[in-house]
């Protein structure tokens, strides 16, 4: 009876070892699967953050260019001059008296036209607050990323667009650098190679017998 028990011990121990190894392997695979899922979710979140950031940059440029078109360029100034001239002419001609009263009416027309222009221009400039706020919100999570060069590239884009949304040299360069830093962060990692695959590859690359 004792001999039978002793003979059964190695088999039982082997079964326990196999059971332990099987549980360990299952746990390892589960953790690896969860890690892959978390990494994929993180890449998806990063891609969404990057898309929102670029969209916010474009929103600032569109709003800024619209403001410049209406109030910042030479055409806008020409429009103001035409309004002033038209207002002065109408006020002068419409004045019931000539001389100083007509000049005063024309001067008031100039003041009215320029004051209205200033108010409209200020209101247009204020519309930039919303896209700039969106840009600040979009860049915040990117500034916390740990991927090499990504946070610095996002900061450069933000600084460039904030300082001058019409800079057609600095902004495209900053966006290009941002995309270059973003690309490797969005690429999925290469699948791990099995030890037997590495062994076979090393064997194939070794010296051949003559």
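Listed here are the residues, each with its yes/no results for (1) closer than 19 Å to residue 45 by Cβ; (2) modelled with pLDDT of 90 or more.
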position	(1), (2)
122	no, no
135	yes, yes
148	yes, yes
174	no, yes
179	yes, yes
182	yes, yes
205	no, no
Those residues of the range 146-174 which are touching a helix residue (DSSP H, G or I) at 6+ places or on another chain (Cβ under 7 Å), over 20 Å from residue 185 (Cα atoms) and outside any helix (DSSP H, G or I), in sequence order: 165, 166, 167
Test: residue in the range 137-145 that is assigned to a helix (DSSP H, G or I), at pLDDT 90 or above, under 41 Å from the mean Cα position of the chain (by Cα) and farther than 30 Å from residue 41 by Cα: no
Qualifying residue in the range 62-71 (condition: modelled with pLDDT of 85 or more, farther than 30 Å from residue 39 by Cβ and surrounded by fewer than 17 Cβ atoms within 10 Å (Cβ to Cβ)): yes
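The values are calculated or read from the model by the stated rules, or taken from the named source; none is laboratory data. Just so you know, these numbers come straight off a predicted model, no measurement behind them. Methodologically, a virtual Cβ is constructed for each residue, glycine included, from the backbone with ideal geometry; neighbour enumeration extends over all protein chains shown.
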